[in-house]
Amino acid sequence: MKHTEKELQSLKEEVSQMWKLVLSQLEKAKQSFLNGDIDLAREIISREKRVDAFELKIDADCENYIALYSPVAIDLRLVLSLIKISSTLERIGDFAEGIARHVIDDDCNKIKPQVIEELQLEKMFEVLTSMFSDSFVALESENTKISGKILAKDNEIDILYHNSLDILSAYLQTEPTFIRCGLKLMLLIRKFERIGDHCSNIVEEIVFYVDAKVLKHGVKE
């Protein structure tokens, strides 16, 4: 293996490690939210610094690689994609932290189980973690054939998000004392929707790297 190939492999491994950390954060955010686990929420918040550190290191290492080796074609696409993917992973980490802070928030930590069930928040979590895991597989295997399936799941998240607006609006009309908490819950569900968008952005970067195709702003099939 050439020295440049070893460096590229090292960059991919760094992103893989960051990915696993953010996936862990997302799974713990789900557990913390559904169970009202404040201790776990605090753990998520404390681990966010590790996510930030990963992004800074990957950025620096990718910039160094470009400066040292002047990559072209697929190698350049890979490095550029890894920079964007690490930035996107950091944003998803931020949203996981935001979910954790919602759990800790004393103003709104006793949401009725039936509301959670109607909003299908557990299903949203499941779809998001599935998107995130499948995207990781796509990068590791360099298989873009599953990109359409992942992007379709983002559409599913969008539908659940828009449905939640109607469900919460109807609920708040009957429970006016829940308005403050309901608004905070809406902001939280918006975070879910944004995680889905970011997962789609990661898929687009993988397709760009592997197939040299630009999906951004195009038609997603």
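Throughout, read-outs are computed from the coordinates displayed, never taken from laboratory work. Just so it is clear, the structure is predicted and the values come from calculations on it, not from any experiment. Cβ placement follows ideal geometry from the backbone for every residue including glycine, while neighbour counts extend to all protein chains displayed.
Between segment 1-69 and segment 113-144, the alpha-carbon centres lie 18 Å apart. The aspartates and glutamates whose alpha-carbon is closer than 12 Å to the alpha-carbon of residue 30, local same-chain residues fewer than 8 away aside, are 97, 122, 126.
What is the calculated FRET efficiency for residue 158 to residue 31, with r their C-beta to C-beta distance and R₀ = 22 Å, to the nearest 0.05? Don't skip to the answer; put the middle values down first.
Values: r = 24 Å, r/R0 = 1.11.
Efficiency computed from Cβ-Cβ geometry: 0.35.
A simple spin-label model places pseudo-atoms 7 Å from Cα toward Cβ; at residue 87 and residue 43 they are separated by 3.2 nm.
The gain in end-to-end length when the residue 74 to residue 184 segment is fully stretched comes to 35.2 nm, 0.36 nm per residue minus the alpha carbon separation. In this simple spin-label approximation, residue 126 and residue 59 carry label points 7 Å from Cα along the Cα→Cβ vector, and these lie 3.7 nm apart. Fully extending the segment from residue 20 to residue 104, taken as 0.36 nm per residue of separation minus the present Cα-Cα distance, adds 27.8 nm. Hydropathy first: keep DSSP H helices in the chain averaging at least 0.0 on Kyte-Doolittle, then drop any whose Cα extent along the axis falls short of 20 Å, and list what survives. Once both thresholds are applied, what remains is 73-104, 121-141, 179-211. Under the rule a/c < 1.5 gives rounded, and otherwise a/b versus b/c splits prolate from oblate, where does segment 1-52 land using the Cα gyration tensor? Verdict is prolate for segment 1-52. A Förster radius of 45 Å, combined with the Cβ-Cβ distance separating residue 177 from residue 12, puts the computed FRET efficiency at roughly 0.30.
Residue pairs exceeding 27 angstrom between C-alpha atoms, taken from 28/57; 20/57; 145/184: 145/184.
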